[in-house]
Amino acid sequence: MTTDALLPALAARVRATAHADTPACACGAATLTTLADRPDATVLRHAGAVAKAHAADADPAALALRVEVAAGLPGVLLPPLAPAPVTLYGRLVTSWPYGTPVDPEDPDAAPWEAAAVLLARLHRAPVPAAVPATRGPAKAAQAVARLRAGAPDHPATDPVLRAWADLPAWARGEAAPPAAGLVHGDFHLGQLVRHPVPGGPWLLIDVDDLGTGVPAWDLARPAAWYACGLLPPDEWHRFLTAYRAAGGPAVPSEGDPWPALDVPARALTVQTAARSVTKAVAANRPLDEVELPLVDACARMAAVRPRAPGG
């Protein structure tokens, strides 16, 4: 996923960051760990530091503003180790402390309440001047575009596209959102770490999609999973109750939350279904037991118009 020149440069960067206060690194090469290597990100860890090479098309000014926001919200977002991105072989690189991630093998310990409180605090934070719009709707539109290009004849494509067509323009990234707050833009449990390690408080990570937008977008993925039967009701209610108790503004403090959640949850369902179908076609395999409910949900959504707040 990375160029031959970028990877050693990124490794040197993370080693230098990890040992900024010591004369040299004596940890050995085995302590360098690849946490991710995808077209949109390469992430290396060494000791207590992490270096992330962002997507090749990342906007330098926008990313710098997002890193600045993270630095200004301690206790909510993981603070960066460097105040601004640097460029290595044409890729923007940011530096972060290492945090302990959520254990995917222990779903009963998923920190739903902690995540909800962090999102509520993020959504209540003042929106800094010049922060760009969240990339959430644009990423959903990108997933749909890839579905059209990569799986035009798959039987699941039509219900996904019909559900997408019913969404308002703002949810498809084609217009400004109806209300704006500070939004993470890509929340899921993989965006949480404990810092300091191993048992510090939970913090949000990954600022690539951070920006102004509809706060309900950050609740949309767990809401969609719950609506599709992929998230147990008790976990969804723990999350929603904790968010409301923390004063989160995305939904009313009591009563039916779905007028606020319906459109974002539909958009995230379509995005996830589009990605699932595209991946299945690329791998020449059928949809699995997680992907099928998402497509089925799109088919049901196409029969019922989206609900607007107050409607």
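Key figures
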item: Expected-Rg normalisation [2.2 N^0.38 Å, Cα atoms] applied to segment 89-176; result: 1.53
item: Relative contact order (%) - the chain, alpha-carbon pairs under 8 angstrom, separation at least six; result: 18
item: Segment 66-137: GluC sites (Glu not before Pro) in DSSP coil with no more than 15 other Cβ atoms inside 10 Å; result: 105
item: Cubic angstrom per residue, convex hull over Cα atoms of the chain; result: 145
item: Quarter of Cα convex hull surface for segment 154-311, i.e. mean projection, nm²; result: 10.7
item: Cα lying deepest toward the dipole's positive end in the chain, options 188, 39, 243, charges on Cβ; result: 39
item: Magnitude of the charge dipole, segment 77-155, Cβ model with Lys/Arg +1 and Asp/Glu -1, debye to 20; result: 620
item: Å³ per residue enclosed by the Cα convex hull of segment 122-225; result: 137
item: In degrees, nearest ten, helix 217-227 long axis to first principal axis of the chain (Cα); result: 60
item: Structure-based [θ]222 nm, the chain - -39500 (n - 2.57) summed over DSSP H runs of at least 4, per residue, nearest 500; result: -12500 deg cm²/dmol
item: For the chain, size of Cβ-based charge dipole, Lys and Arg +1, Asp and Glu -1, in debye; result: 540
item: Computed accessible area, residue 279, all protein chains, 1.4 angstrom probe, square angstrom; result: 130
item: Directionally averaged projected area (convex hull, Cα atoms, segment 120-165), nm²; result: 4.9
item: Length added when fully stretched, residue 16-residue 158, from 0.36 nm per residue minus Cα-Cα; result: 46.1 nm
item: Translational diffusion of segment 201-281, µm² s⁻¹ [Kirkwood Rh, Cα pairs; Stokes-Einstein; 37 °C; 0.692 mPa s]; result: 237
item: Distance between modelled label sites at residue 105 and residue 230, nm, 7 Å Cα→Cβ extension; result: 2.3
item: Accessible surface ranking that places the most exposed of 238, 162, 91 first, with a 1.4 angstrom probe; result: 162, 238, 91
item: Under the Karplus curve 6.51 cos²θ - 1.76 cosθ + 1.60, θ = phi - 60°, whole-Hz ³J(HN,Hα) for segment 287-299, x wherever Gly or Pro sits; result: 5, 8, 6, 8, 6, 4, x, 5, 5, 4, 5, 4, 5
item: Rough spin-label spacing in nm, given labels placed 7 Å along Cα→Cβ, for residue 37 and residue 279; result: 1.9
item: Cut-off 17 Å, label 7 Å out along Cα→Cβ of residue 125, residues of segment 159-198 by amide N; result: 180-188, 191-196
item: Electrostatic dipole magnitude of segment 194-266 [Cβ: Lys, Arg +1; Asp, Glu -1; Cα centre; debye, to 20]; result: 140
item: Residue with peak Gaussian network fluctuation, the chain [Cα springs, cutoff 10 Å], from 155, 132, 80; result: 155
item: Lys/Arg +1, Asp/Glu -1 at C-beta; the chain dipole; positive extreme among 61, 116, 260; result: 61
item: Amide H within-cut-off set for residue 35, under 5 Å, with H built and near neighbours excluded; result: 43, 44, 45
item: Column: log10 I(q)/I(0), Debye, Cα scatterers of segment 1-145, q = 0.09 Å⁻¹; result: -0.33
item: Overall form of segment 150-208 per C-alpha gyration tensor (a/c, 1.5; a/b vs b/c); result: oblate
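The values are calculated or read from the model by the stated rules, or taken from the named source; none is laboratory data. What you see is a predicted model; the values in this text were computed from it and never measured. Quick reminder, even Gly has a Cβ in these numbers, built from the backbone with ideal geometry, and neighbours come from all protein chains shown. Just so you know, the surface numbers come from the protein's heavy atoms only, side chains and all, with ligands and any DNA or RNA stripped out. Shrake-Rupley method; radii C 1.70, N 1.55, O 1.52, S 1.80 Å.
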